[in-house]
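Dumping the structure here so I can ask a few things about it.
Readers should treat all values here as calculations from the given coordinates under stated rules, not as data from a laboratory. Computed from a prediction, not measured in an experiment: that's the story for all the values here. Positions of Cβ are backbone-derived with ideal geometry, glycine not excepted, and every protein chain shown enters the neighbour counts.
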Amino acid sequence: MTHRVKTRPALGSSKAPVVETAAEEISRVLEDAAHFPGGHAVGVVFPRSEAEVAMMLREHSSVLPIGAQSSLTGGATPAGELIVSFVRMNRVLDISSDRVRTEPGVSLAALQDTLDSHELFYPPAPTFAGATIGGTIATNAAGAATFKYGSTRAWVDGLTVVLSCGEVLDLTRGQVLAHPAGYFDIDKSNRSVRVPVPQYRMPEVAKCSAGYHAAPEMDLVDLFVGSEGTLGIVTGAVLKVVHRTAASSVAFVPLSSETDAFALAAELRHRAQKTWSTHDSNGLDLSAIEYIDRRSLALVPDRLLAAAGLRRGEMDQAVLFVQIDLPSTTTAEEAFTQIASFERAPAPPLGQFCQLVARFGALDRTEIALPGDRRRATHIIEIREAVPAAVNELVGAAKRSMGPAIEKVAGDMIVPFDRLDAMVRAARAGFERRNLDHAIWGHVSDG
């Protein structure tokens, strides 16, 4: 292990990629999923190799690398840069029993489709399966399953990064660690650069994307994960994968109060964490708990609820979406038997889940997609995924009817789980005091 690393020349064709400047071509990439107005760019380029990326970095002083532009915060909205799109660097290059090597433009959906044939699984996926590997690494993306598996950072084993000078770093986790005095040395072709580790203290929360990662004697890989392309552009990644060992059920649980929703989430978290610590094969194992409030549910199109066989409840103040992991051999019939025997003691995993839901008076309205019923599970998950799109559609309609001055203010928040209920109540009180329309949703299993 060392704190020093040496760059190398970029590999691939030295032919410069075409910079597209036609308005029609540029217009396709002028906004991300936040739909912030005013995006503008000098052009867009579609590299096929790290050498082409390196050439663009050497020749242009301001670039914006993009993946799927699925950011809901405007982070992938251009402000006059050259846009570097990775749609043509979209290959899965190699798969082993516990690693996969990819280019940055591979979508999570395409990656999982490829891994399925090897019975492998890449766990730290955010909600949107169209997000790209490069984008998730750049943002240290987290999703509903972060509760069980952690965020993207923990699954990145290696990176290929093109620096602003056009030279390349090949990084493997565990090989380059910060000097005890808090710095890395990068030896470029013409000089050595000392890179200090940030001196602030990271908050102790499950997910964090505010600022560069910082830790004593940290891995250089971790400095680039979550840096949003500001330190270099990722052109290749080696990711850890695991064998798929669980079947899953997805539950839609409507609650009559937000307090009940957070209390049930707390009990579910506790049960799952106990199962992990005791390795109880009959324990309740969860990988995700998601939450939408009453306003979010009101924005979901009726057709999506109908597709899942669901309807709005007049008393529903919040909904939890829970992914329950079961042994991989669990059939739909066995799962149904577990649910039917929920009053038995000791109850099997799905029976324990139903006992908890019944304690909050929500069992009669809870819907569960059994293992193997991918269509039903997909329909339930689509309800949660529809919320941000519905919010953006509402804002767009308001702009058209009331004027362009209407704006959406969006943001992510995370606090320790035991402070989540208080945080949501404080945020909602602020919105209501100012008479602001608002919706609150997200991954509550982490806080």
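Over all directions, the average projected area of the alpha-carbon convex hull for the range 234-325 comes to how many nm²?
The Cα convex hull of the range 234-325, projected and averaged over all directions, gives 9.2 nm².
Which whole-number percent of Cα pairs in the range 246-443 have a distance greater than 21 Å?
When all Cα pairs of the range 246-443 are counted, 55 percent exceed 21 Å.
Now a separate question. Taking the Cα atoms of the range 1-119 alone, what are Rg (to one decimal) and Dmax (as a whole number) in Å?
Values for the range 1-119 (Cα only, Rg and Dmax): 16.5, 49 Å.
Pairs K148/K207; K6/K188; K188/K240: which are spaced more than 18 Å apart, C-alpha to C-alpha?
Exceeds cut-off: K188/K240.
In addition: Just need the Rg to Rh number for the chain, please, alpha carbons only, Kirkwood Rh.
Radius of gyration over Kirkwood radius for the chain works out to 0.98.
Could you pull out the trypsin sites (Lys or Arg not before Pro) across the range 345-444 that fall in loop regions by DSSP (anything but H, G, I, E, B) with no more than 10 other Cβ atoms inside 10 Å?
Of the trypsin sites (Lys or Arg not before Pro), the ones in loops of the range 345-444 whose Cβ has at most 10 other Cβ atoms within 10 Å are R434.
Something else: Reachable lysines from K399, Cα under 25 Å, same-chain residues fewer than 8 places away excluded?
K408
Rounded to whole Å, give me the distance from the Cα center of the range 36-71 to that of the range 263-278.
Computed from Cα coordinates, the inter-centre distance equals 44 Å.
Find, among the GluC sites (Glu not before Pro) in the range 265-367, those assigned to loop by DSSP (not H, G, I, E, B) with at most 13 other beta-carbon atoms within 10 angstrom.
Those that pass, being in a loop and sparsely packed, are E314, E343.
Report the charge-dipole magnitude of the range 392-442 in Debye, nearest 20, computed about the Cα centre from +1 at each Lys and Arg Cβ and -1 at each Asp and Glu Cβ.
About 180 debye.
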